[in-house]
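Worksheet: the structure to be examined is printed underneath.
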Amino acid sequence: MVETVDILIESGSLLTMDGERRILTDGAIAIRADRIVAVGKTKDIRAEYRGRKTIDASSRLVMPGLVNGHAHLIEIARGLIPDNVHTSDWLKYWCYPYLAVTTEEEEYWYSKCIMAEMIRSGTTCFVEPGCKFLPSTLKSIEETGMRATTGSWVWDQGGPDGQKCPDNFLKMNLEECLEKTEHNIKTYNGAADGRVKVFATIEGVGTCSDDLMLGAKELADKHGTFTLMHKASSREEVAREIQVTGHRPVEHMYEIGALGPNVYLNHMTAVELDEVDMLAETDTKVCENPPAALKLAKGTTRTGKFLEMMAKNVTVALGCDGVNSADHKDMFRSMFLAATLPKDANFDPQAITAETVIEMATLNGYRAIGWDRELGTLEAGKKADLILIDIDRPEWVPSYNLVYSLVYSASGDSVDTVIVEGQILMEGRELKTIDLDEVFAHCRELAPKLAERANVKPESRWPVV
Ligand SMILES: [Zn+2]
């Protein structure tokens, strides 16, 4: 008997990411409600299932949705920050002052704009490292249909370097930080029908006391979630940490017992080999963000140890970062960089493979946030979070190797259709849950006001006449 399902995707090339990493030609996927119920050859799946909706994937590569491991929604000053400042000054003089004057209305509309950019480039799940107005961010995530982790950004010390931030911006005392964090986890973890996880999101780079790092981890342990922060992201941070604690950033976390399997560290471009061992021993999760690392000159190819981490089975996810630093949310561009930088840095084309990078952007991403049992592969029983990539485009012809084309040739523009929990968020590049005209209208109206409030004029090295 033929069973009716909600969506039947047929005749596609399937990058299953299953245990054998099979690439299925002429493959089909049956989706019922939020889950994949069957994957196989089109003729076999057709014999068993009929779709209320059928998607012809004959010129599509179908794969699990990408995870952007570091995707701020509240960095909205894209282009207002000069492209020639180091991490430390970037935070102190630019990033935080903008965040300090950002309003709830701005956070809501820009979040939608940033999520539209992510959906259009194949990201289905993102790790938001801490926002300012959690309820409105949750509302925007709920409305767009994406999957995410988020939380409220908190810290209990003056900014990185001691006095970085505008007066009192997000700074609370230890008790307030922990109270707010626990309230968020209790109230919102599992929001949007389970598509949102709330993490203990602390800032991390010199702004958080040992007690806050440990307290956040304790809350994460207690409530079965994660603690997330930025760490080891610049030489300046390492120097300051050594000055204050006598140890390097990761080393210090290890010493005080703040590492662990539910601890997620962003950037990590300035680490030593003994710190890699500490990460491996504690099963701490790491996210590499090549676009931000390169633009802010973090020295990722000099002092980064991502290959060494992966060689020791540390889970390394892949991300972009906020649009104030990475300037884009296209994971295809991040995959290209993650696949090519280590080759060049080591004078070794064998340093990393395209396959490894795809694993970073899918399997590792989900593992790093504790979602790998339900997501990351095209297999029966998994959540139906997947993307269809149009391979009927010049950059995909010919494609003797779909994996190579995906990592080295394509951009996020190739993504045609995006599905999260069985809901179609984009089809034929048309967004289904976001009204882009409305989002653009709001963002364009709000943009000059932000610059005005922050008292900064957009700069141009060339005359704008
Ligand atoms: Zn960040």
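Table for the structure above
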item	result
Tally of residues being among the aromatic types (Phe, Trp, Tyr), modelled with pLDDT of 95 or more and surrounded by fewer than 24 Cβ atoms within 10 Å (Cβ to Cβ) across the stretch 95-132	2
Single unsatisfied condition, residue 92 versus (1) open to solvent by 30 Å² or more (accessible area, probe 1.4 Å); (2) more than 16 Å from the ligand (Cβ to nearest atom); (3) on the phi < 0 side of the Ramachandran plot	(2)
Residue match in the stretch 326-345 (condition: hydrophobic (A, V, I, L, M, F, W, C) and within 14 Å of the ligand (Cβ to nearest atom))	yes
Whichever residue in the stretch 308-338 is among the charged types (D, E, K, R) and on the phi > 0 side of the Ramachandran plot and, among such residues, is farthest from the chain's Cα centre (by Cα)	327
Number of positions in the stretch 347-395 that are surrounded by fewer than 24 Cβ atoms within 10 Å (Cβ to Cβ), closer than 21 Å to residue 429 by Cβ and touching a residue at least 40 places away in the same chain (Cβ under 8 Å)	3
The stretch 108-145: number of residues that are in contact with a helix residue (DSSP H, G or I) (Cβ under 7 Å, 6 or more places away or on another chain), in a helix (DSSP H, G or I) and within 16 Å of the ligand (Cβ to nearest atom)	3
Odd one out for residue 439, checked against (1) part of a helix (DSSP H, G or I); (2) under 30 Å from residue 49 (Cα atoms); (3) open to solvent by less than 10 Å² (accessible area, probe 1.4 Å)	(2)
Criterion (touching a helix residue (DSSP H, G or I) at 6+ places or on another chain (Cβ under 7 Å), more than 30 Å from residue 315 (Cα to Cα) and not assigned by TED's automatic domain parsing to the domain that holds residue 193) met by exactly one of 425, 450	450
Residues of the stretch 277-322 satisfying the condition of being basic (Lys, Arg), closer than 17 Å to residue 249 by Cβ, out of contact with any Pro (no Cβ under 9 Å at 6 or more places or on another chain) and within 16 Å of the ligand (Cβ to nearest atom)	298
Cross-chain or 6+ apart pairs with Cβ under 6 Å, the stretch 40-65 first and open to solvent by 80 Å² or more (accessible area, probe 1.4 Å), then assigned to a loop (DSSP other than H, G, I, E, B) and modelled with pLDDT of 95 or more	50/2
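Residue-by-condition table, conditions (1) more than 16 Å from the ligand (Cβ to nearest atom); (2) among the hydroxyl-bearing types (Ser, Thr, Tyr); (3) under 15 Å from residue 177 (Cα atoms):
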position: 196; (1), (2), (3): yes, no, no
position: 200; (1), (2), (3): no, no, yes
position: 217; (1), (2), (3): yes, no, yes
position: 231; (1), (2), (3): no, no, no
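The values are calculated or read from the model by the stated rules, or taken from the named source; none is laboratory data. Bear in mind the structure is a predicted one, so any value in this text is a computation, not a measurement. Virtual Cβ from ideal backbone geometry, glycine too; neighbours counted across all protein chains shown. Areas reflect the complete protein model, heavy atoms only, side chains present, ligands, DNA and RNA absent. Shrake-Rupley method; radii C 1.70, N 1.55, O 1.52, S 1.80 Å.
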